[in-house]
Structures are given as structure tokens and as C-alpha cells.
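The values are calculated or read from the model by the stated rules, or taken from the named source; none is laboratory data. Computed from a predicted structure; not experimentally measured. Virtual Cβ from ideal backbone geometry, glycine too; neighbours counted across all protein chains shown. Just the protein is used for accessible areas: all its heavy atoms, side chains included, with ligands, DNA and RNA removed. Shrake-Rupley method; radii C 1.70, N 1.55, O 1.52, S 1.80 Å.
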Amino acid sequence: MNIVLIFEIVLVFAALMFFHELGHFLFAKKAGIFVREFSLGLGPKLFSFKKRETQYSLRILPFGAYVRMAGEDPEVVEIKDGQTLALKLDSKGKVTDIYFDEKDFSKGIIIRVKSADLERELTIKGYDQDEHLVNYSLSRETVMHYEKQSVQIAPWDRQFGSKSILDRFATILAGPVFNIILTIVLFFVVAMMVGVPSEQVSFGKVNPGSPADKAGIQQGDIVLSVDNTPIKKDTELIEKIQKSPGKELILKIERNGTTKEITVIPEEKSGKGLIGVEVGHLREEATIPKAASSAVTNTAKMTALILDSFRLLFSGNVGMNDLAGPVGIMKITSDAAKQGMATLINWAGMLSLYLGIFNLLPIPALDGSRLLFLTIEGVRGKPIDPQKESMVHLVGFALLMLLMIIVTVNDVSKIF
């Protein structure tokens with residue numbers, strides 16, 4: 001596998017994850033939620049930078065990404081009563097920095113804490129070195145320095161949980177929706193590159209020795225009618241052939257501008273007629289409106305196929321050996337990249353759509369599960385116990401990881 005191929009594979013996965021998390025990020029910002037970090041990748045950082053209040057990171061493992069919003073995880077380190085801290089004040093007397101380590105106490109005013117509220121009242125009370133009771137207001141951007149890290153506090157109105165159900169619902173939903181939008185964009189690009197299907201049904205590759213080959217059918221033949229019935233869709237032709245095993249079919253075709261009739265007899269296989277030829281539509285140069293229409297249509301068709309595959313999976317009609325994990329998906333992506341840029345982009349669009357729809361399923365640890373909890377909260381009028389919800393997501397995540405291990409083992413065994 002050459003370096004260009006590896007780059008293309010990584011780029012596909014990075015793009016899908018980036019757009020998913022971009023949806024969460026933009027709607028979180030719109031709702032006024034404090035986004036602590038936008039990370040592309042998992043594991044140790046390769047590099048990062050901070051712009052305004054958000055840390056942007058690129059991490060070493062390219063198969064994962066996340067947007068860390070204030071309030072989703074336990075907020076900052078706890079300040080305990082009796083704890084000694086150093087406070088740095090601005091010109092208005094508000095606390096801008098809180099230091100926990102003794103080596104940093106020279107940077108501010110030292111106090112022994114009596115009480116602190118970092119979320120709602122934004123105050124810290126305690127005793128100074130003369131044992132006088134002091135009370136300081138905190139800046140909304142106060143930074144806490146401890147254990148070689150600096151973390152900005154998040155007032156309650158900047159936390160995820162403080163926002164309306166509608167804002168939270170939109171923030172979670174935006175990730176999968178952005179994947180679906182990306183699919184439409186990628187399918188649009190493919191349509192502009194290779195054209196859109198025309199209304200003319202044509203034959204593709206003909207298998208040697210097949211009924212089609214024996215009848216004289218050639219690749220590129222345009223099918224006008226079957227037994228005097230006009231053909232407008234490839235599905236109509238396929239259905240007609242499958243329903244006619246052993247029966248003569250008179251095909252009216254156009255080849256190089258000339259019309260002629262060909263008689264073919266489909267052979268029977270598993271109760272269906274087959275003639276051994278690929279069937280599809282000719283492609284014509286795409287205009288922007290046609291490409292957009294084709295992209296939306298293809299997205300709708302692929303959505304139906306994905307939903308049907310989920311139905312087969314949950315009904316038990318598809319086994320574990322039929323599933324593909326990260327290794328299998330990388331193998332397919334590699335094969336698509338070898339077939340050219342248009343094939344790779346088309347496959348990336350299909351993956352993006354799958355990622356978006358899969359994340360909408362009400363499976364614990366996925367966006368769909370969080371949307372379900374928010375819906376229940378809206379119906380009940382009060383949120384579910386956060387600890388219980390976290391436990392559900394934790395168990396769901398563990399089960400997903402177990403499933404991932406199983407399908408990865410299957411992937412490796414298929415390859416080797």
C-alpha cells in the first residue's frame with residue numbers, strides 16, 4: 001500500500017468524523033454552550049492550539065473525534081473547604097486565576113477557603129493570611145491551574161445541561177445531520193465528475209458464454225423495448241428477465257445509431273431468469289440542477305437500503321460474519337481508492353450516510369440514545385437521573401466495543 005493510498009484512506013475517515021463533530025460544534029456554539037475542545041482523532045496529541053475559549057487538537061489515532069462540551073463530564077477540580085489557594089485578581093478585583101500548587105502561590109493572594117461556587121454565584125469566600133474573612137467574585141473566564149494543566153471554569157448558563165431541550169436536541173442531532181448533508185455534497189461531486197444516469201437503459205459487461213453473449217448482445221447496447229413493451233428503467237428490464245426463465249424475449253436495441261431486434265432465452269437459476277449481462281443507465285453530462293437532483297435521489301435510495309440492512313440485522317437474517325468492522329471498512333476503502341477518485345468519493349458518501357443513520361439509532365452511547373433521553377425528558381417534564389443515564393451509556397459503549405472486537409476478528413480472518 002503506497003503512501004498516497006494511505007493518505008486517501010485517512011482523509012476519508014478524517015472528513016467523515018470532522019463533519020460529524022462540526023455539526024455538534026456549530027450548534028453548541030449557537031446555543032451558547034462552552035466547548036472545551038474540538039479534537040480530530042484520539043489518543044496522544046500531535047499538536048493543538050487554543051482560539052478564544054476552545055482548544056483545537058489533532059491526535060495520533062485517526063479513527064475517532066469528539067467535541068467536549070462543558071457540563072457533559074464532571075466540571076473542573078473540586079475546591080474543598082479549608083483548602084489553601086492563591087487568587088490572581090484583575091483591576092476590578094475579580095478573580096481571573098486560581099492556583100492550587102504551592103509553587104504558584106507567589107502569583108496571587110493566598111486564602112484558606114471557606115466556601116466556593118464556581119457555577120452559579122461565581123464567588124469564593126475564605127480567610128486571608130491575617131484571618132480576615134474575604135469574599136471575591138469570579139470572572140466568567142476564571143482559569144484554574146493545577147497538576148500542570150489550566151482549565152477554564154464554566155458558569156452554569158454555559159453548560160450543556162442548562163440549555164433548553166430544543167437547543168440540546170439540535171446540538172446532538174446536528175452531528176448525524178451533517179453526515180447526511182456531506183453525503184449529498186459528495187454524491188453531487190461524483191455526479192459532476194462522471195455524469196448522471198440518463199433515461200436510456202443499456203447493457204454493460206457481457207459474460208462470455210452467457211445467454212446474452214450467445215444472442216449477440218454487446219456492451220453499450222441501448223434497450224428500447226422487451227416484447228414490444230417500452231423500457232424506461234433498469235429495474236423494469238431486470239424484472240422482465242427474472243420472470244422469464246426459459247422463455248424467448250425479443251429485445252429491441254439501438255447500437256451505433258441503428259435499431260435491431262435480438263432474441264434471447266434467459267437461463268434459470270434459483271427460480272429466476274438470468275442472461276449474464278450487467279444492466280444500467282447510460283450517463284449524460286450533468287448540469288448543476290441535474291447533479292443536485294441525482295445526489296438527493298441517490299441519498300434517499302441509499303437511506304432505504306441502509307434501513308433495510310438494519311432491519312435484516314436486528315431480525316436475525318444477517319449474521320455476525322456479514323458485518324464489517326474498521327479493518328473491513330479500511331479494506332473496502334482501499335479497494336475503492338484503487339478504482340479512482342470518483343469511486344472513492346462515492347464510497348465516502350455512502351460511509352458518511354451510514355455513519356449518520358447509525359448514530360441516530362437509539363443504541364446506548366450513540367447520539368440516537370441521547371436524543372431518546374431528551375425526548376423522555378420533554379415528555380416527563382424533568383430530566384432522567386444523570387447517573388442512571390451515564391450508566392446506560394457506559395454499558396452501551398462497552399457492548400459496542402465488544403461488538404467492534406468481534407467484527408474486527410472476523411475482518412482479519414477474512415483477509416488472511
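Among the residues examined, T183 qualifies as within 29 Å of the chain's Cα centre (by Cα), touching a residue at least 12 places away in the same chain (Cβ under 8 Å), under 30 Å from E236 (Cα atoms) and open to solvent by less than 40 Å² (accessible area, probe 1.4 Å).
Taken together, the residues in the stretch 266-284 that are more than 17 Å from N207 (Cα to Cα) and open to solvent by 90 Å² or more (accessible area, probe 1.4 Å) amount to 3. For the residues V194, V189, the requirement of being out of contact with any Ser or Thr (no Cβ under 8 Å at 6 or more places or on another chain), open to solvent by 20 Å² or more (accessible area, probe 1.4 Å), under 30 Å from G356 (Cα atoms) and modelled with pLDDT under 90 singles out V194.
Looking at F18, F13, F7 in this structure, which one is part of a helix (DSSP H, G or I), modelled with pLDDT of 90 or more and within 22 Å of L182 (Cα to Cα)? Step through it out loud before you land on a result.
Working: F13 fails: modelled with pLDDT of 90 or more; F7 fails: modelled with pLDDT of 90 or more.
Matching residue, one of F18, F13, F7: F18.
Looking at the stretch 355-377, can you tell me whether even one residue there is touching a residue at least 12 places away in the same chain (Cβ under 8 Å), in contact with a Pro (Cβ under 6 Å, 6 or more places away or on another chain) and not in a helix (DSSP H, G or I)? Checking the stretch 355-377: at least one residue is touching a residue at least 12 places away in the same chain (Cβ under 8 Å), in contact with a Pro (Cβ under 6 Å, 6 or more places away or on another chain) and not in a helix (DSSP H, G or I).
Of T263, T297, T259, all but one fail to be among the polar types (S, T, N, Q), closer than 30 Å to F358 by Cβ and either free of Cβ contacts under 8 Å to residues at least 12 places away in the same chain or open to solvent by 50 Å² or more (accessible area, probe 1.4 Å) (or both); the exception is T297. Against the numbered list (1) farther than 30 Å from L344 by Cβ; (2) surrounded by 13 or more Cβ atoms within 10 Å (Cβ to Cβ), N228 comes up short only at (2). Within the stretch 378-401, if we keep just the residues that are at negative phi and assigned to a loop (DSSP other than H, G, I, E, B), the residue that is farthest from the chain's Cα centre (by Cα) turns out to be K382. Pairing each residue of the stretch 187-204 that is closer than 12 Å to M341 by Cα with any residue that is open to solvent by 50 Å² or more (accessible area, probe 1.4 Å) and at pLDDT below 85, provided the two are 6+ apart or on different chains, yields C-beta distances under 8 Å for V194/R283.
In the set K205, K247, K214, only one residue is charged (D, E, K, R), modelled with pLDDT under 90 and surrounded by fewer than 18 Cβ atoms within 10 Å (Cβ to Cβ); that residue is K205.
Among the residues of the stretch 112-128, the one identified as touching a helix residue (DSSP H, G or I) at 6+ places or on another chain (Cβ under 6 Å) and open to solvent by 70 Å² or more (accessible area, probe 1.4 Å) is R120.
For Y56, the criteria (1) in a strand (DSSP E or B); (2) more than 25 Å from the chain's Cα centre (by Cα); (3) without any contact (Cβ under 8 Å) to a residue 24 or more places away in the chain hold in every case but one, which is (2). Among the residues of the stretch 26-59, those that are open to solvent by 20 Å² or more (accessible area, probe 1.4 Å), touching a strand residue (DSSP E or B) at 6+ places or on another chain (Cβ under 7 Å) and among the hydrophobic types (A, V, I, L, M, F, W, C) comprise L40, L42, L46, F47, F49, L58. Let me confirm something: among E119, E141, which residue is of a type in the set (D, E) and assigned to a loop (DSSP other than H, G, I, E, B)? Exactly one of E119, E141 is of a type in the set (D, E) and assigned to a loop (DSSP other than H, G, I, E, B), namely E119. When restricted to residues that are farther than 30 Å from M302 by Cβ and of a type in the set (A, V, I, L, M, F, W, C), the stretch 153-198 contains 5.
Kindly indicate whether A86 is small (G, A, S) and either under 42 Å from the mean Cα position of the chain (by Cα) or in a loop (DSSP other than H, G, I, E, B) (or both).
no
Return yes when E131 is over 43 Å from the mean Cα position of the chain (by Cα) and either more than 23 Å from T54 (Cβ to Cβ) or surrounded by fewer than 16 Cβ atoms within 10 Å (Cβ to Cβ) (or both) and no when it is not. Answer is yes for this residue. Checking A15 against (1) farther than 21 Å from V185 by Cα; (2) surrounded by fewer than 20 Cβ atoms within 10 Å (Cβ to Cβ); (3) in contact (Cβ under 8 Å) with a residue 12 or more places away in the chain, only one condition comes out false. Which one? Only one criterion in (1) farther than 21 Å from V185 by Cα; (2) surrounded by fewer than 20 Cβ atoms within 10 Å (Cβ to Cβ); (3) in contact (Cβ under 8 Å) with a residue 12 or more places away in the chain is unmet by A15, namely (1).
Pull up the stretch 235-244, narrow it to residues that are open to solvent by less than 40 Å² (accessible area, probe 1.4 Å) and part of a helix (DSSP H, G or I), then point me to the one that is farthest from D213 (Cα to Cα). Even if it seems obvious, please write down each step before you answer.
Of the stretch 235-244, the ones open to solvent by less than 40 Å² (accessible area, probe 1.4 Å) are 237, 241, 244.
Then keep just the ones that are part of a helix (DSSP H, G or I); that gives 237, 241.
Working: L237: 17, I241: 15 Å.
Among those that are open to solvent by less than 40 Å² (accessible area, probe 1.4 Å) and part of a helix (DSSP H, G or I), it is L237.
On the stretch given as the stretch 254-300, residues that are touching a strand residue (DSSP E or B) at 6+ places or on another chain (Cβ under 6 Å), not in a strand (DSSP E or B) and not small (G, A, S) total 3.
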